[in-house]
1. Between beta-carbons, use under 11 Å as the cut-off and find the net charge around ASN317, counting Lys and Arg +1, Asp and Glu -1.
2. Using only the alpha-carbon atoms, what does region 254-404 span along each of its principal axes? Please give whole angstrom values in decreasing order.
3. Just to confirm my numbers, what's the Cα centroid distance between region 391-441 and region 315-380 in Å?
4. Which entry is the computed Cα Rg over 2.2 N^0.38 Å for this structure: [x] 1.21; [y] 1.09; [z] 0.97?
5. For region 215-253 and region 585-610, write down the distance between their C-alpha centroids in whole Å.
6. Provide the per residue accessible area, probe 1.4 Å, for the chain, rounded to a whole number of square angstrom.
7. Binning every alpha carbon pair distance of region 747-804 at 5 Å from zero, what are the percents per bin?
8. Need one word for region 69-114: rounded, prolate or oblate. Basis is the Cα gyration tensor (sqrt eigenvalues a ≥ b ≥ c); a/c below 1.5 gives rounded, then a/b vs b/c decides.
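The values are calculated or read from the model by the stated rules, or taken from the named source; none is laboratory data. Please read all numbers here as calculations on a predicted model, not as lab measurements. For neighbour counting, all protein chains shown are included, and Cβ atoms are generated from backbone atoms with ideal geometry for every residue, glycine included. What goes into the accessible areas is simple: the full protein's heavy atoms, side chains included, and nothing from ligands, DNA or RNA. Shrake-Rupley method; radii C 1.70, N 1.55, O 1.52, S 1.80 Å.
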Amino acid sequence: MLPSHARIVIIGGGAIGCSIAYHLAKLGERDVVLLEKSGLTHGSTWHAAGLVGQLRSKRNLTRLMQYSASLYAKIEADTGQAVEWKPVGSLRLASSKERWSELKRMATTARSFGFALETLSPAEARTLFPLITLDGIEGALFIATDGHVDPSSLTQAYAKGARAGGVRIVERVRVTAIEVKGRRATRVRTEEGDIEAEIVVNAAGIWARDVGRLAGIELPAGAVEHQYLVTEKRADIPAGLPTLRDPDKIFYLKPEPGAFAIGGWEDNTPTFGETGMPAGFDRELFQPSMERLEAFMLPAAERIPVLNEMGIRTIINGAIPISPDGEPIMGLVPQLDNFYVACGFTSGIAASGGAGNAMAQWILRGEPEHDLWAFDVRRFGPHHASRRYLAERSVEAYGRYYAMHWPLEEARSARGGRRSPLHQILAGKHAVFGSRNGWERPNWFAPEGMEAADRPSFEGRPNWFAAVAEEHKAVRERAALIDMSSFSKFEIVGRGALAALQRIAANDLGKPPGALTYTQLCNARGGIEADLTIARLDEDRFYVVTGSGFGVRDGGWIAKHLPRDGSVSMRDVTSAKAVINLCGLRSRAVLGEVADGDVSDVALPYMAARPIRIGYAPVDALRVTYVGELGYELHLPVEYAQHVYELLWEAGRAFGIADAGYRAVDSLRLEKGYLYWGADITPDYTPYEAGLGFAVALKKDDFIGREALARAKSEGPRRRLCCFLLEEPAAVYGGEAIWLGPTLLGVTTSGGYGHTIAKSIVYGYVPAEHAGHETYEIETFGRRVPARRSAKAPYDPERRKILV
């Protein structure tokens, strides 16, 4: 029988759910029930290939995978359950020059956070895997600590360890409903009875979307078909081979005794369960698709000719979870205070150990040990969960698993759903759009006669370089218009609004109406949860502006900490307000031509918000900048956007006005030392470490994180964010290693080219004791480039341009 109550109920008995249960038990939590509708592993786990690769693009994601590998080496001793962990290493080939640049970049990033790997010549690669041909191979990476594990045995080990720790696992019981009261899931209903729950965890794999709906939550968690085959055996297959990946030929290979398991990531794989998982779907496979199989097997046979002589023993074509960006979905959903998700794991076996550990901490301690924004459920908005969006983007994410991952690349599918009122005007001016949170945003504008499309590059200059330089120059020297309508925007009103926001924000919002405040929202550890601006439009009315992709996260964080006594209300006005950024040396002159009233520095000073009219339109003018020049964010009802844009453009002709996009914005902000949340600042860093101590008001009586921040200021930062200017031309994007002589200091957080100072710029944290030197080296694509630390902002450190 089921218990009538449990502190934590986990739904899903695959590798992820069982790992969460195991790790909860390890942290001492005993009152846990795991429910599985069929048998353990019967979803996608049982037919997974079991490869374990650890290296990811960011340090914390790699840490998660490293934890998995270290756990697999010792879980048998802990539980008594064999898992067939084989740390044979992994070999990744570069079968093109572009891929070799990508692998060199991966190697540099890995070295920056102390991850051990080797870069190999083609001949050295063949020493490790003698069956490959060398045709077209430019180089390779070898990670000695990677390997493979048996997925079913691993899951049983998690389950055995969880049971030993007091977790109750109940198989063959289907969840039929989840009762919700207010902001809490209170009861899990099943065919065998109900369980009152304090916390519910959705780890249902390919069923996660259906389980989410039981609680009224729409999750962007889909499923697609994935194929691999197992060859017949041959006596002459060498023992001890590493796993092998050749992304250019879109296949992976796992060695088995005398045979191989080979799979791939082909284009246009079918989706599954778009309208809900079929009733009774269990331990099932689909019919093989030979056409899709050929897409990766023919290239695999080119690389490993012996495959032409080996028959096929088994073909596996099964459903695997996937999300719109191909990354897992983890964390606390923003709609409820006790409903966690851990789903969308396309590489669930490799991630299960680290994910289970992170989720257990998240559940019991309120947050994971390290920032996991790239996996956080709050990176998605409502549109991501639509059936069409999820299907289109999931298929693309699957097909791009081994595709070239160019710097600043944009997704091709599920585009055009959210468009600014200025979209058609800007498209007619050859805007090249990117996508952020479903919005189409102009990245850059192609000059007349130039193809309006991205042609990216790793180590060379992309096709947009010169065009972006001109947009950058227009902002610095004349005036420019930037469509920023995609900003996430919230109105917070009520008699309790000021007191509530004072507790949430690190900076002091107790300023007169018309004031604009830049602030961070910090957690109890003092880590930066959000970075935004708040305008006080009236005594009890505030206006919050944050990044396009952070609305769900930041809005959820604020809503979570607002009082629920009716004294404050919060409304998302993102879709109601367009934003036109008028910026540049001559921007005041342009605004003065069209605005009613006085827009002088006295009437509209820096960090002020004023209601004005432009033509027929009511506008809230916020004098603030993210580009380091005099500028105004003009917030207005969407129906007036085209009218205001046309007036500004016409008035600006005499001043050489131009359109600019987000690639120019990034270059401009790098020169000015403005930071980007998710890269330069995250919950792993405090404002003092990031150089943002000026935005912390410790004089306030109380706010979230105050105690930790006071301690951090008193003790001094352990590390500091530094700006480095490269002394030689080099391509930088963030993820480069920072060196001081023979000492590896850390990894850069973001980077790019500053067109005004004509230098490459990177930011990165270094230990405080090493933050005062003048010269360093930045390793990019395997080459160390001399760099000079810029103690102040590289451009206009005295802020004369913005205060004019």
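1. -1
2. The principal-axis extents, from largest down, are 57, 36, 33 Å.
3. If we compute the Cα centre of each part, the gap is 24 Å.
4. Of the labelled values, this structure produces [z].
5. Between the Cα centres of region 215-253 and region 585-610 lies a distance of 59 Å.
6. Each residue of the chain exposes 38 Å² on average to a 1.4 Å probe.
7. That works out to 4, 14, 24, 26, 17, 9, 5, 2, 0, in percent per bin.
8. Oblate is the answer for region 69-114, as a/c is 1.5 or above yet b/c matches or exceeds a/b.
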